[in-house]
Each structure stands twice: as structure tokens, then as C-alpha cells.
Amino acid sequence: KDNIKHLHVAWTHQPGDITQGLQATPIAVDGIIYYAGSFNRVFALDGATGDEIWHYYPVIKDGVEKLPTAPYTRGVAVANGMVFIGTMDGRAIALDQKTGKEVWKTQLVDTMKCGCLFTSPPLAVKGKVIYGSTQGGIAARGGGIFGVDQKTGKQAWYFDPVLEGKEHWGTNSFGESSAKYAGVGAWHVGSYDPELDLLYWGTSNPSPWFDWAAPEDGPKGYLRKEGSGARPGDNLYSSSVLALRPDSGELVWYHQEH
């Protein structure tokens, strides 16, 4: 409380479009600030002055901005001379850290088909960059966790929370038929333990999330008879913490919280 009087604004930077607000956490590396704004616009700024070093404005597919989880972004990752971002139209993009020029871009999900996209920053680990997508709660296949090669942009692996649980179909998961339309997001960035070589990633609620997808014994007829809705059973691996190998996406363990 004794030094608060010394705080003052040193500089400001305006990203332009701020639809749905500025939600990204800036990253500081060697005196340079990297951050992202609405419509996945990426900026590199001088940390001392706020002067813009470069900016990158991706061309976004028309219509995506109407989705409820667009067009905001929660940030970028910086590693090995590149800046990585996941976009509102379902792409993974790598930029040169010094110039902001595209190094590669890879389409990971069909956003207009599945309603899924990338809102959070990826996680750069061991030559991979890991992207977790939204799913949106709609009745459509999509969502999950993607491992992408940092140098080439090629998809190395994909963890689909619905289909990875297919050995449980008909017993305690989605059910074989509903798996054609179900999805699970993994939209928030995970973390990595280098000693155990494990990624920890949280997954979202299962979709579709409508009332009629649940058991019957809830209040005021809110729920249906167990097993009769669109999503019978426990819906692995939704609403869970997953431990994955970053090299392969192999599931080591999971804890389903709901």
C-alpha cells in the first residue's frame, strides 16, 4: 500500500477490434510482449515503449464470427522462435517470432460443421504444440485434443474423448449410436509435468447437453429414465482430467469429476 502511489500508465496499445473484450494474457519474452486480440489478431510490442514491432491479422472464414464462442481469443504460446495460436475457424497457426510471418497453418477442425474452434492458447511441449478445442454443447461430432509438430505443422496425434471411450459403448459411456453425434471439448489450456512426462488436460461437459439426455429421477421431471436419452451412461471422457503422453497422445489415466 505504500508504493501504490508510484504506479502509473507507462504506455497503451490498442488492438483495434475488441468484440467480446480483450481476454488474452500477454507473454513477455526477452523484453518483447506477445498478445492476441479479437479475430485472432496477434501483436508483438516493445515491452519498454509499447511500440508495435509487428502484427498479424489472419483471414477468417466467413460466418464463424456468429458462433457463441467467437471471435475472442485467450492468447498465444511462444517457443523455439515461433508464436503459436489456435483460431476461431479451427486452425493451428505458427508465426515467426521476429517478423510475425506465417511459418505454417493447419486446419484441425471443420468449425462450421462441428461448431468447435480454438479459444485458448496452445501448450508448447517437447517439439509438439498441443491444442484443445471447444465443442459448444451442440449435437455434432468434434472437439478434443490435438498434438501438432512444431516445425512442420503436421498433426501428430488426436485424442477424441468420445471415440477413445468406445470400448465402453453400451455399458457406461455414450452408446454406439449417440457417439455419431456426441462431442466433448477441451478448450482450456493444460499443463505439463516434465518429471513424469505427462500432460494434464481438462475436458468439458458432454454434448448434446439438452435436458432430455439425462436420467429420469431428477427434480420436477427434469430428467429422463437412465439409458433412454441421447447420452446413456457416464460419457467418458467428458468432465474429466486426462493425463496424456505428449509424444503420442496416449491416455495414462483419467479422473472423471462429474
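What number of residues within the range 23-43 satisfy the criterion of being under 26 Å from K113 (Cα atoms), out of contact with any Lys or Arg (no Cβ under 6 Å at 6 or more places or on another chain) and in a loop (DSSP other than H, G, I, E, B)?
Number of matching residues: 0.
Spot the failing condition for P15; the list is (1) at pLDDT 90 or above; (2) farther than 30 Å from M112 by Cα, and only one is missed.
Condition (2) is where P15 drops out.
Look through I145, I130, I138 and report the one residue that is modelled with pLDDT under 90 and either among the aliphatic types (A, V, I, L, M) or within 23 Å of Y200 (Cα to Cα) (or both).
I138
Out of G37, G31, report the one residue that is within 21 Å of K101 (Cβ to Cβ) and loosely packed, with under 10 Cβ neighbours inside 10 Å.
Checking each option against the conditions leaves just G31.
Which of the residues belonging to the range 33-56 are more than 16 Å from T73 (Cα to Cα) and of a type in the set (G, A, S)?
G47, A48, G50
Residue check: is R91 charged (D, E, K, R), at pLDDT 95 or above and either under 16 Å from the mean Cα position of the chain (by Cα) or closer than 28 Å to A182 by Cα (or both)?
Spelling it out, R91 is indeed charged (D, E, K, R), at pLDDT 95 or above and either under 16 Å from the mean Cα position of the chain (by Cα) or closer than 28 Å to A182 by Cα (or both).
I'd like to know if the range 44-53 contains one or more residues that are outside any loop (DSSP other than H, G, I, E, B) and either of a type in the set (D, E, K, R) or at pLDDT below 95 (or both).
Checking the range 44-53: at least one residue is outside any loop (DSSP other than H, G, I, E, B) and either of a type in the set (D, E, K, R) or at pLDDT below 95 (or both).
Provide a single number: the residues in the range 96-150 that are farther than 25 Å from F43 by Cα and free of Cβ contacts under 8 Å to residues at least 40 places away in the same chain.
2
Looking at the range 58-81 only, could you name the residues that are in a strand (DSSP E or B) and either open to solvent by 30 Å² or more (accessible area, probe 1.4 Å) or in contact with a Phe, Trp or Tyr (Cβ under 9 Å, 6 or more places away or on another chain) (or both)?
Across the range 58-81, the qualifying residues are A77, V78.
Could you pull out every one of the strands (runs of 3 or more DSSP E) wholly within the range 109-152 that has 1 or more residues that are of a type in the set (K, R)?
Counting at least 1 such residues, we get 128-132.
Working carefully through the options A156, A124, A94, find the one that is open to solvent by 50 Å² or more (accessible area, probe 1.4 Å) and small (G, A, S).
On inspection, the qualifying residue turns out to be A156.
Can you tell me how many residues in the range 155-187 are at pLDDT 80 or above, in contact with a Lys or Arg (Cβ under 8 Å, 6 or more places away or on another chain) and either among the β-branched types (V, I, T) or in a loop (DSSP other than H, G, I, E, B) (or both)?
Final tally of qualifying residues: 2.
The values are calculated or read from the model by the stated rules, or taken from the named source; none is laboratory data. The shown structure was predicted, so the numbers you read here are calculated from the model rather than taken from an experiment. FYI the Cβ positions are ideal-geometry reconstructions off the backbone, even for glycines, and counts take in every protein chain you see. Quick note on the areas: whole protein, heavy atoms, side chains included, nothing else; ligands and nucleic acids left out. Shrake-Rupley method; radii C 1.70, N 1.55, O 1.52, S 1.80 Å.
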